[in-house]
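The values are calculated or read from the model by the stated rules, or taken from the named source; none is laboratory data. As the structure is a prediction and not an experimental result, all values here were calculated from the model. Glycine gets a Cβ as well: all are built from the backbone with ideal geometry, and neighbour counts include every protein chain shown. Just so you know, the surface numbers come from the protein's heavy atoms only, side chains and all, with ligands and any DNA or RNA stripped out. Shrake-Rupley method; radii C 1.70, N 1.55, O 1.52, S 1.80 Å.
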Amino acid sequence: MELKDRVIIVTGASKGLGVAIAETCAREGATVVLAARSEGRLGALRERITAEGGRALAVRCDVSRLHDLERLVETSVATLGAIHGLVNNAGVNFVKPFLTVTEDEWDHVMDVDLKGSFFLSQLCARQMIAQGTGGSIVQIASVHTHASVAGASPYDAAKHGMVGFSKAAAIELAKERVRVNVLSPGLCRTEIWKALIAAAPSEAECARYWNSNIPAERLIEPTEIAGACVFLLGDRSSCITGANLMADLGVTSQLVSKEPYQSRHIVGE
Ligand SMILES: NC(=O)c1ccc[n+]([C@@H]2O[C@H](COP(=O)([O-])OP(=O)(O)OC[C@H]3O[C@@H](n4cnc5c(N)ncnc54)[C@H](O)[C@@H]3O)[C@@H](O)[C@H]2O)c1
């Protein structure tokens with residue numbers, strides 16, 4: 001068990017990647033603090049984890065509110081005694097042309113995706129230092145920290161911001177044995193995928209299009225992202241800090257998705 005006896009906070013644990021990350025951490029021996037806004041969903045997940053023999057604590061939390069983040073950390077420490085890991089997974093996606101984004105829309109994305117992850121990282125790092133154990137912080141960003149698509153400007157700004165502050169924090173906290181890394185997923189099978197299908201002529205058509213843009217020609221399953229999180233949270237990644245790991249089935253490594261007019265030139269021919 002990679003995370004035996006660790007206390008790990010997972011934000012956005014009410015659906016999608018957050019659920020898979022929380023369940024996988026619990027199976028790896030961690031006590032998981034489930035943080036999200038929906039108490040009903042958190043309660044259901046806590047019961048599922050407990051029924052499997054795992055340990056979980058559910059704390060209602062809006063990550064855009066500093067007061068909620070403080071309460072989350074206080075409750076975790078008061079109930080479980082320590083915090084060894086954090087996964088800043090909660091996030092809002094947002095698609096709108098750059099020329100039409102309003103101040104409120106910008107603020108909302110920044111508050112959830114960037115401010116929330118910044119201050120929760122700060123609060124957890126303070127606790128990890130105070131308890132003398134160090135710890136590991138993982139930010140769930142996106143392949144958008146490498147390249148973009150039209151309509152994603154506030155989301156991209158926030159996710160790039162996560163990479164930026166994580167590098168600074170990784171340097172400042174290295175001697176305290178607090179590691180800070182970013183995990184940047186490609187397209188995963190979550191609500192985001194359902195939203196793409198809803199906007200497409202058919203699921204098959206949508207899958208054909210996206211598979212043609214992904215070298216592995218498939219979506220990423222949430223459990224695969226969870227596995228990468230366990231690696232970054234656990235001791236096997238002990239020398240890795242300040243990194244931005246692309247979990248993307250090769251998407252950010254390719255220049256173009258398919259090249260129909262490939263050169264047949266061979267050196268020496
Ligand atoms: N699914 C993908 O293809 C994909 C790709 C790259 C990055 N990501 C990132 O992974 C993370 C999870 O994505 P997902 O697909 O599971 O999304 P999702 O929409 O299914 O889940 C997002 C979670 O964040 C929570 N959340 C939103 N606002 C919150 C707030 N103010 N306070 C607390 N919780 C809040 C939601 O309740 C939900 O639990 C996000 O940060 C997203 O940007 C997802």
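Below is a table of values for the structure above.
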item	result
Largest to smallest accessible area among 153, 184 [probe 1.4 Å]	153, 184
Solvent-accessible area of residue 79 with every protein chain in place, 1.4 Å probe, in Å² to the nearest 10	80
Residue 246 long-range amide H proximity, modeled H, under 5 Å	184
Ranking by accessible area, most exposed first, for 246, 110, 1 with a 1.4 Å probe	1, 246, 110
Among 224, 23, 203, residue whose mean-square fluctuation peaks in a GNM of the chain (springs only between Cα atoms under 10 Å)	203
Ordering of 13-20, 127-134, 111-118 by packing [mean C-beta count within 10 Å, highest first]	13-20, 111-118, 127-134
Check: region 77-162 dipole with +1 on Lys, Arg Cβ and -1 on Asp, Glu Cβ, in debye	360
Only Lys, Arg (+1) and Asp, Glu (-1) charged, at Cβ; region 149-253 dipole about Cα centre in debye	280
Inter-part distance where region 22-40 and region 212-249 are each reduced to a Cα centre, Å	19
Computed helical MRE - 222 nm, the chain, DSSP H runs ≥ 4 contributing -39500 (n - 2.57), nearest 500	-13500 deg cm²/dmol
Accessible surface ranking that places the most exposed of 155, 209, 261 first, with a 1.4 angstrom probe	261, 209, 155
Dipole magnitude (debye, nearest 20) for the chain, charges at Cβ of Lys, Arg, Asp, Glu	460
Using θ = phi - 60° and Karplus 6.51 cos²θ - 1.76 cosθ + 1.60, couplings along region 11-22 (whole Hz; Gly, Pro as x)	8, x, 8, 8, 7, x, 4, x, 5, 5, 5, 4
Taking only Cα atoms of the chain, radius of gyration then Dmax in Å	19.3, 71
From phi via Karplus (6.51, -1.76, 1.60), per-residue ³J(HN,Hα) for region 242-247 in Hz, x at Gly/Pro	x, 8, 10, 8, 7, 9
Relative contact order (%) - the chain, alpha-carbon pairs under 8 angstrom, separation at least six	19
For region 119-170 and region 43-73, distance of Cα centres in Å	20
Average accessible surface area per residue within region 70-216, 1.4 Å rolling probe, Å²	48
Overall form of region 29-93 per C-alpha gyration tensor (a/c, 1.5; a/b vs b/c)	oblate
Lysines with Cα under 24 Å of residue 159, excluding same-chain neighbours fewer than 8 positions away	15, 96, 115, 167, 194
In region 188-262, trypsin sites (Lys or Arg not before Pro) in a DSSP loop with at most 14 other beta-carbon atoms within 10 Å	218, 258
Percent carbon-and-sulfur accessible area, region 134-193, ignoring ligands, DNA and RNA, probe 1.4 Å	59
Residue 136 long-range amide H proximity, modeled H, under 5 Å	85, 86, 179
